[in-house]
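As structure tokens, the structure follows; a few thoughts come after it.
The values are calculated or read from the model by the stated rules, or taken from the named source; none is laboratory data. Source: prediction; values computed, not measured. Quick reminder, even Gly has a Cβ in these numbers, built from the backbone with ideal geometry, and neighbours come from all protein chains shown. Remember, those area values only see protein heavy atoms, side chains included, never the ligands or the DNA or RNA. Shrake-Rupley method; radii C 1.70, N 1.55, O 1.52, S 1.80 Å.
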Amino acid sequence: MKRILSFSLLAAALAVAVTGCLKDKGFDNHTYGINDPDTQPPGVGFPLGGKPKNDVGLDLSSSPQVINGLAFVNLESGNPASSDVHVTLSNNSTALVGAYNTANGTNIQVLPSATWSVPTALTIPAGGRNIEVPITVSTTAALNANLQYAIGLTITAVDGGYKIADNLKNLFIVISVKNKYDGKYTMVGRFYHPSVEPTFQQHVTFFVECHTTGPNSVDIYWPLIPGYNTPLSSGGLPACCFTNQTLGLQINPATNVVTCVNSHPSAGISYSQITSSGSFGFPVFNPSMWDDVNKRFNISFGYSLTGGTVVAGVSRAWIETLTRTGPR
């Protein structure tokens, strides 16, 4: 009798455990998802709608750019459409951006509606299972490269007896803008410091990143040093690892001449172009230039401190080559 009772209790416990694992009240009540294509109307949805956000990078440019590969509308069914299925989309960016920022404490901006377009009346053809929706961004030239922007799309209607899958009805796309100079770089060169390196002999190598700050400008960050790989606007540290210095490069797109600037918000030091290496005899890059063929910056810059030993007109100097190794 004791053995029979123990077996009965074990069976009951297993039944409760299995039932608890398999049941999903919201799913069973059809609050979201399409859970039984055989007995319920088949559904439609964005296959990437289940992700909190979908990231994409665009160039900082006044020319149109097309976002492909993200906005698909799928039939949530094992069978292709027996006839054309008409789907309607709407621009729901304001609501979706607001909800995401509230939930995650972020500051993503709504991409201005005048700068992008998307077809809102779609047709999944008979015999088909999905349709891709291209998103055209007409310009990003006025966007702030230190911010992120977003597009939010919502499926609002579908015909043919299909149902909108509630958990796949929204698509949230977050956009970052970058210019062609943005990326990962290897920095190699010499530097002059009256007490640390007074002879210009030492070669130094750093692995750095160039972060877009405008259509033709970047700031340099040290990704391997904690805190220095994050822009100041996002709570990071000065990019050059000094209290009030951030090395910024401004490129003239017509000539590829580079101006090295201290772009730190509270910069107390101004950089200048080095025209010679003084008595040490090393060639300098004068002017500093962007090599568009080899994706390389060749720069010579420095600054002066009162009372500092001066060489080539400055008391601190760098002669550097930065070679782009890929996107960041």
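How much length is gained on full extension from residue 196 to residue 267, taking 0.36 nm per residue of separation minus their Cα-Cα distance? Intermediate values should be presented prior to the final figure.
Details: separation 71, 0.36 × 71 = 25.56 nm, distance 2.27 nm.
Length gained, residue 196 through residue 267: 23.3 nm.
Could you check how much of the accessible area of region 153-211 is carbon and sulfur, as a whole percent, using a 1.4 Å probe?
Working: 1340 of 2400 Å².
Whole-percent figure for carbon plus sulfur exposure: 56.
Between residue 99 and residue 256, what is the label-point separation in nm under the 7 Å Cα-to-beta-carbon projection?
4.9
Can you give the extra length, in nm with one decimal, that the chain gains between residue 130 and residue 304 once fully stretched, where that is 0.36 nm per residue apart less the Cα-Cα distance? All intermediate terms of the calculation are to be shown ahead of the outcome.
Details: separation 174, 0.36 × 174 = 62.64 nm, distance 6.32 nm.
Computed gain between residue 130 and residue 304 is 56.3 nm.
Suppose R0 equals 35 Å. What FRET efficiency, 1/(1 + (r/R0)^6) with r the Cβ-Cβ distance, do residue 51 and residue 186 give to the nearest 0.05? Don't skip to the answer; put the middle values down first.
Details: r = 34 Å, r/R0 = 0.96.
For residue 51 and residue 186, the calculated efficiency is 0.55.
Please compute the net charge surrounding residue 255, taking Lys and Arg as +1 and Asp and Glu as -1 over other residues with Cβ under 13 Å from its Cβ. Please list the in-between numbers first.
On the way: positive: none; negative: 291, 292.
It works out to a net charge of -2.
If r is the Cβ-Cβ distance from residue 282 to residue 106 and R0 is 56 Å, what FRET efficiency results, to the nearest 0.05?
On the way: r = 47 Å, r/R0 = 0.83.
The pair residue 282/residue 106 has a calculated efficiency of 0.75.
Apply the a/c threshold of 1.5 to the C-alpha gyration tensor of region 111-196 and tell me whether it is rounded, prolate or oblate. Intermediate values should be presented prior to the final figure.
On the way: a/c = 3.57, a/b = 3.09, b/c = 1.16.
Cα axes put region 111-196 in the prolate bin.
Given a Förster distance of 51 angstrom, what is the FRET efficiency for residue 114 paired with residue 205, based on the Cβ-Cβ distance and rounded to 0.05?
0.65
Write down the accessible area per residue of region 111-231 in Å², having rolled a 1.4 Å probe over the full set of protein chains.
On the way: 5060 Å² over 121 residues.
Computed with neighbouring chains in place, this is 42 Å² per residue.
Checking the table 53/169; 51/295; 53/180; 178/295; 53/295 against a 23 Å threshold on Cα-Cα, which pairs fail? Please list the in-between numbers first.
Numbers: 53/169 13 Å; 51/295 35 Å; 53/180 25 Å; 178/295 15 Å; 53/295 32 Å.
As for pairs spanning more than 23 Å Cα to Cα, those are 51/295; 53/180; 53/295.
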